[in-house]
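Participant: Here's a structure for you.
Here, each number is a calculation from the coordinates, and none is a lab measurement. As the structure is a computational prediction, the values presented were derived from the model and not from experiment. Neighbour counts run over all protein chains shown; Cβ positions are idealised from the backbone, glycine included.
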Amino acid sequence: MDTTDSTPIPEAPVRRKRGSKLKKSINDFFFSMYQINQFILKFFREAFVPPYEFKEIVRQCYEVGVRSFTLISLTGFIVGLIFTKQSRPSLLQFGATSWLPSLVSIAIMRALAPLVTALIAAGKVGSSIGAELGSMRVTEQIDAMEVSGTNPFKFLVTTRVLATTLTIPILATYTGFIALFGGYLNVAVNEGTSWRTFIEQVFEPLTFVDFTASLIKSIVFGFTIGIVGCYQGYNSNKGTEGVGKAANGAVVTAMFLVFIEEIVIVQISSWFR
Amino acid sequence: MDAKENRRAIIVGLFLALGLAIFIIGVFTLGGQSKSFAKSIHISAVFDDVAGLKPGNNVWFSGVKVGTIKEIRFVGTSEVRVRMSIDENSQQYIHRNAGVHIGSDGLIGNKIIVIDGGSPGAPIVQDGDQLQAAKLLSTDDMMKTLQQNNENLLSITSDFKLLSHKILQGKGTVGTLMADSTMAVQLKASMRNLQIATASAALMAKQLNTFSNTMNTKGGLADKLFTDTTTFNRLKAAANQFQAAATNANAITENLKTTTDKLNSKDNAVGVLLNDPKSAEQVRSSIANLQQATIKLNDDLEAAQHNFLLKGFFKDRAKAKADSIKKAQGK
Amino acid sequence: MEKGKANIDYNNAVIRIHGLEKAFDDYEVLRGIDLELFQGENLVVLGRSGTGKSVLIKIISGLLSPDKGKVEVLGEDISKLNDRELQALRIRIGFSFQNSALYDSMTVRKNLEFPLVRNRKGITRKEIDTNVESVLEAVGLSQTINQMPSELSGGQRKRIGIARTLILNPEIMLYDEPTAGLDPITCIEINDLINEVQQRYNTSSIIITHDLTCAKSTGDRIAMLLEGQFQREGTFDQVFDTNDSRVKPFFDYNFIK
Ligand SMILES: Nc1ncnc2c1ncn2[C@@H]1O[C@H](COP(=O)(O)OP(=O)(O)OP(=O)(O)O)[C@@H](O)[C@H]1O
Ligand SMILES: [Mg+2]
């Protein structure tokens, strides 16, 4: 509470402004690049030196992975089902519906499973990490942690980033599996294909390059979502507005980066095909 | 650690373990197909035309995928060298005198290289060997032949139509018919045309048969595809019909040939023939038969046009042709 | 509620600050702070909003680093410590935040346990429970043990915040506006608590406040932050025995004259 405002006393010092706006925003940009870089480096410095926060990692895995499972598996199922359903007519034109399993498999395993998982997780997990850390920053809980002898970066950031990096690939695996199952339901209803045959055809067009690329992709996505959410929250500005900004920034930035990474990794993996 | 934390840890453990298990099962299923990590040898072949073959396309042997195209590069003036890697496990089945040709593994037109032939007596292919490329049998070539045939037949049909029309009008006697010398010349020309067309149809039928057989090879994607739809059967039936029509036409041509030969044998022979009602009847029915056969052939061609496979090729020209064919059959 | 007898050792300064300066961007907040806090003493820091009171105690606890000057806490130069040493020093300092800073995701019990569990390796469950119960009793909120911070009132949160810093038996307490936004009766309770802590645990404290009742009842000494420096210092009466237009309004506003 400010109790002194109503009384006429000399002015409190006022912040001075210097330099052009453009110069400032360029400076800000490079400064924030530098900060992000430092943040990531700090993660690697802190994450792999003891003491390890196992308990907290488990708790975060629960929050990030188990808590998102229902949403992500439902989405995966619907994506698989709808994708198969929508692809059917074009293949039917060629009388090539027996290609559906292969088509669905390539689409899901190469692209959809990691991407859909990452986008859902960015929305659900990324925003909640951003908001949680943001509000902890704003209400000085992070400072409180620091002065009570706990390294907040290690306790809050590394655990969350490790949890997303670990569980999002697992979630993507579930998504892929469940999406295939959704695709299978459609194929089974229309062609009466057996699960065995379906799976055989699913694996037909896949290679280890696909598997490895998707695995790497979802690990990178997981790391991105975690680190972006933490960065936004951990460095959020004071004030409740900062919390909203952190949550929003976490989602937008993470989704944007996920797409960029998708393009890059697809390109790289195509060199190995 | 309290009870809640323990429960969470167990759930997280299950969550991770199950996900990992699914992933590992996936990897093993994939590994079970032994497509990658297997060692391979490289062989090559030189083609005049690779018909749009691309690196990464498959190599088939006896309908089984045995490798992929690694590299395509021009050699000499306009020839193309294709380098392919062949799975080491399949190496033992491929002999040095095997041939390669470019085929297609399905409707979308994925080009493949098909290795076939080769005798067990010949040595097994080794890394760096070059196989003999067979002349390209492409869908495009078949389409061209088919189109030509179609045009030929159309003109023949109209010829015969004219002929038989005249026969019917000409009081039903061959005498009248044969009296007109231009008619005889016309008939002869028509027959020659038909002969060519028939030969061509026979070849066509053979090609179609090989083509569909290639597709029918067990295990290929095309196999699954065709098993799935009736398309394959239709294609096969079309080929059979071609064959039948060709044989039929052949027989008739033979028949006519003898008749015309008789016509041609000088002097009196013509008089004899003209006065022989049996011969006249024979000529008349032969011509009627021929007309039937031609129409049949035309039908088949039309069926072929409606076949999805040939659809694309005919699409542009189909309308005009179809109309004239219909008119031809209309009577 | 008169302040009880304090046991202050004026030969032993637990905090020694000399020539401290701190600026954010171009804004110089602290411009040469000199300060000593003696063992067992309650020092009240007064000052307008935005004069850098919170910044000062954040520098003392190592949350912010000074631009210039020397900060010695419990005999250690803050700027020369590495992370581990700083961490060890920090648990000897209790920091009660302006807005309590309770961990929202944890119950009161977990909040109180947190510093213990994280800093006293090998502590038993029973020891933890005794400790938690005793500090809760000290702040008079035993019944809230299983509640979430969001279920508490502002005054309760403040007291839990103080309890959480007390649980590690700190040698120095830093209170940032302990009574801001509370009703007069709760203010009095908090003031009593601060004094009780001083006597019971023999801690030295810095108390930041705008509330002169609080300053008067808890402070052994008052320091007034003006233009980035402590320009007035002394007992309550000494500090306010002036007509300085930067100081007098504090007094007039609090004790309507
Ligand atoms: N981390 C920071 N980054 C930038 N500026 C800051 C930061 N912390 C404090 N400041 C600025 O320093 C000045 C002093 O802030 P401080 O919180 O110390 O004020 P205060 O004296 O505690 O005020 P109040 O009585 O309102 O709590 C303010 O103008 C604030 O904007
Ligand atoms: Mg403050």
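Participant: If I build a Gaussian network model for chain C, linking alpha-carbon pairs within less than 10 angstrom, which residue out of C:E36, C:E177, C:E28 has the largest mean-square fluctuation?
Facilitator: C:E28
Participant: Looking only at region C:145-257, where both bridge partners belong to it, what percent of the DSSP beta bridges are antiparallel (to the nearest 5)?
Facilitator: Roughly 50 percent of the DSSP beta bridges within region C:145-257 come out antiparallel.
Participant: A follow-up question, please. With the cut-off at 18 Å, tell me which of the pairs C:K22/C:K58; A:K238/C:K58; A:K24/C:K22; A:K55/A:K154; A:K55/A:K245; A:K23/C:K68 have Cα atoms farther apart than that.
Facilitator: Long pairs (Cα-Cα over 18 Å): A:K24/C:K22; A:K55/A:K245; A:K23/C:K68.
Participant: Then there's this: R0 = 22 Å: FRET efficiency of A:K23 with A:E241, Cβ-based, nearest 0.05?
Facilitator: After rounding to 0.05, the efficiency reads 0.30.
Participant: Sticking with this one: In nm, give the distance between the simple-model label positions of B:R73 and A:F256, each being 7 Å from the Cα along the Cα-to-Cβ direction.
Facilitator: 4.4 nm
Participant: Another one. Going by average Cβ density within 10 Å per residue, which order do the peptides A:190-196, B:90-96, B:61-67, C:52-58 take, highest to lowest?
Facilitator: Ranking the peptides A:190-196, B:90-96, B:61-67, C:52-58 by packing returns C:52-58, B:61-67, B:90-96, A:190-196.
Participant: So for each of A:256-263, C:78-85 I average, over its residues, the number of other beta carbons within 10 Å; can you give me the resulting order with the highest mean first?
Facilitator: Result, highest mean first: A:256-263, C:78-85.
Participant: Kindly state, to the nearest 0.05, the FRET efficiency for B:S62 paired with C:S105, given R0 = 60 Å and r defined as their beta-carbon distance.
Facilitator: With a Förster radius of 60 Å, E is 0.40.
Participant: Other chains near A:197-206: what is the mean number of their Cβ atoms within 10 Å of each residue's Cβ?
Facilitator: 3
Participant: Only bridges with both residues in chain C count here: give the DSSP antiparallel percent, nearest 5.
Facilitator: 55 percent
Participant: Using the alpha-carbon centroid of each, what span in Å lies between region C:124-168 and region A:181-223?
Facilitator: What the calculation gives is 53 Å, centre to centre.
Participant: For region A:75-272, with the dipole built from +1 on Lys and Arg beta-carbon atoms and -1 on Asp and Glu ones, taken about the Cα centre, which of A:I129, A:I260, A:S87 lies farthest toward the positive end?
Facilitator: Of A:I129, A:I260, A:S87, it is A:S87.
Participant: R0 = 56 Å: FRET efficiency of C:E85 with A:I106, Cβ-based, nearest 0.05?
Facilitator: 0.50
Participant: Treating the beta-carbon of each Lys and Arg as +1 and of each Asp and Glu as -1, no other charges, what is the dipole magnitude of chain C about its Cα centre, to the nearest 20 debye?
Facilitator: Using only the charged Cβ atoms, the result is roughly 580 debye.
Participant: In terms of the Cα gyration tensor, with a ≥ b ≥ c the square roots of its eigenvalues, is region C:9-240 rounded because a/c is under 1.5, prolate because a/b exceeds b/c, or oblate?
Facilitator: Because a/c hits 1.5 or more and a/b exceeds b/c, region C:9-240 counts as prolate.
Participant: If you place +1 on the Cβ of every Lys and Arg, -1 on the Cβ of every Asp and Glu, and leave all else neutral, what size is the dipole of region C:94-148 about its Cα centre, to the nearest 20 Debye?
Facilitator: It comes to approximately 260 debye.
Participant: Across peptide B:20-32, what mean number of C-beta atoms from other chains lies inside 10 Å of a residue's C-beta?
Facilitator: For this peptide, the per-residue mean of nearby foreign Cβ atoms is 4.
Participant: To continue, here is another question. Using the basic label-point model (7 angstrom from Cα toward the beta carbon), what is the A:Q93 to B:D127 distance in nanometres?
Facilitator: 4.6 nm
Participant: Separate question: Modelling each spin label as a point 7 Å along the Cα-to-Cβ direction, I'd like the A:Q86/C:D183 distance in nm, to one decimal.
Facilitator: Spacing of the two 7 Å Cα→Cβ label points: 6.0 nm.
Participant: Using +1 on the beta carbon of Lys and Arg, -1 on that of Asp and Glu, and nothing else charged, what's the dipole of region A:75-272 about the Cα centre, debye to 20?
Facilitator: Taking the Cα centre of region A:75-272 as origin, the dipole is about 160 debye.
Participant: Between region A:101-130 and region B:41-75, how far is it from one alpha carbon centroid to the other, in angstrom?
Facilitator: 35 Å
Participant: Taking amide H positions as placed 1.01 Å from N in the peptide plane, with prolines and chain starts having none, which residues 5 or more places from B:N97, or on another chain, fall under 5 Å of its amide H?
Facilitator: B:S119
Participant: Right, next: Can you tell me how region B:46-117 classifies by the Cα gyration tensor, rounded, prolate or oblate, using a/c under 1.5 as the rounded cut?
Facilitator: Note, shape of region B:46-117 comes out oblate.
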